[in-house]
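Take a look at the structure set out below.
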Amino acid sequence: MITNNLLEIPQFELNESDLSAQSLIVDYYQRIEQKRIFCIIDLNYTILATNDITMDVFSSYSDVFVGNNFLTDLNRRSLIRLTFTKSNLLNCYLNKRIIQFLSVNKIRKTGYETLLFEYTPLINKNTNNVVAILISAEVPLIPINFHNLKERLKLNSQDEITFEDRLELSEREKEILFLLFHCSSRAEIAEIISKIHGKKLTESAIRKLIQRNLYTKFNVVNDLELRNAIRHTGFHLKIPDSISEEFIFTVDDL
């Protein structure tokens, strides 16, 4: 077994049975799965199979399904996303478990801004070895309660939104304004912002920013009044830049 770092999938040479199983899987998906968003990669991250609908959904930018190598294209995106993806691929491979996560990207093809991704280990039943990983995606059929982001994204930057010019808001304050309207608690806001930036932010810090900064700037005295002000000024529709490029959340954490 050879591994270059902790996030690399350990490299095993597939035997004849594994290669045969891999070939059968690829052949099936290429012939049968024409209406499903999917990508099959081998243990070297090489793309073995995909389809036209998948390429169409991600054609507007260099995302995970463009090119011949999954991680080569992924390297064009953020380091946080790259680390997230590689760690989950490793988890999928080593533990032979399905990994699900929610991804929101407003520059994806219209109608596919919010996708539920799934990493599935493809196992040769004869050897019990993982021979490839299926990466599939679909538009969620159930509401994502703590965001409702799918509908918000449709109303995002394309719409004319009137903001009060007198308000001088930091990027953190804009994040909190958007999330305060859609989240159920300050603890949830702190958790989301912490995940986005990869740096721990406490519920106490969120509370201080809301009460000391935002109450004053919006001339309100409680969260209910602030939420009404957020709706009135349109901040509930404006997804901050830090969230809008891509927002990823493991389903187990939702």
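Consider the range 197-221. How many of its residues are without any contact (Cβ under 8 Å) to a residue 60 or more places away in the chain and under 26 Å from the mean Cα position of the chain (by Cα)?
8
When the residues of the range 33-56 are filtered to those that are over 20 Å from residue 19 (Cα atoms) and β-branched (Val, Ile, Thr), which remaining residue is surrounded by the fewest Cβ atoms within 10 Å (Cβ to Cβ)?
Filtering the range 33-56 for residues that are over 20 Å from residue 19 (Cα atoms) and β-branched (Val, Ile, Thr), the one surrounded by the fewest Cβ atoms within 10 Å (Cβ to Cβ) comes out as 53.
Residue 91 versus (1) farther than 22 Å from residue 111 by Cβ; (2) under 17 Å from the mean Cα position of the chain (by Cα); (3) at pLDDT below 85; (4) not aromatic (Phe, Trp, Tyr): which is the lone unmet condition?
Exception for residue 91: condition (3).
Quick one: is residue 210 surrounded by 14 or more Cβ atoms within 10 Å (Cβ to Cβ), modelled with pLDDT under 90 and assigned to a helix (DSSP H, G or I)?
no
Please state which of the following conditions residue 248 fails to meet, knowing it meets all the rest: (1) aliphatic (A, V, I, L, M); (2) modelled with pLDDT under 85; (3) outside any strand (DSSP E or B).
Unmet condition: (3).
I'd like to check which helices (runs of 4 or more DSSP H) are fully inside the range 1-80 and have at least 1 residues that are under 22 Å from residue 116 (Cα atoms), over 16 Å from the mean Cα position of the chain (by Cα) and modelled with pLDDT of 85 or more.
The helices (runs of 4 or more DSSP H) meeting that bar are 16-32, 52-57.
Which condition breaks for residue 190 when tested against (1) farther than 19 Å from residue 105 by Cα; (2) part of a loop (DSSP other than H, G, I, E, B)?
Checking residue 190 against (1) farther than 19 Å from residue 105 by Cα; (2) part of a loop (DSSP other than H, G, I, E, B), the one that fails is (2).
Identify, by number, the condition in (1) within 13 Å of residue 70 (Cβ to Cβ); (2) touching a Cys at 6+ places or on another chain (Cβ under 7 Å) that residue 132 doesn't meet.
The one condition residue 132 does not meet is (2).
Test of understanding: among 194, 204, which residue is at pLDDT 90 or above and either under 24 Å from residue 101 (Cβ atoms) or out of contact with any helix residue (DSSP H, G or I) (no Cβ under 7 Å at 6 or more places or on another chain) (or both)?
Unique residue meeting the criteria: 204.
If we keep just the residues of the range 213-229 that are polar (S, T, N, Q) and in a helix (DSSP H, G or I), which is nearest to residue 185 (Cα to Cα)?
Out of the qualifying residues, it is 228.
Working only within the range 168-187, note down all residues that are surrounded by fewer than 12 Cβ atoms within 10 Å (Cβ to Cβ) and not in a helix (DSSP H, G or I).
Result: 168, 170, 184.
The values are calculated or read from the model by the stated rules, or taken from the named source; none is laboratory data. Computed from a predicted model, the values in this text were never measured in an experiment. For neighbour counting, all protein chains shown are included, and Cβ atoms are generated from backbone atoms with ideal geometry for every residue, glycine included.
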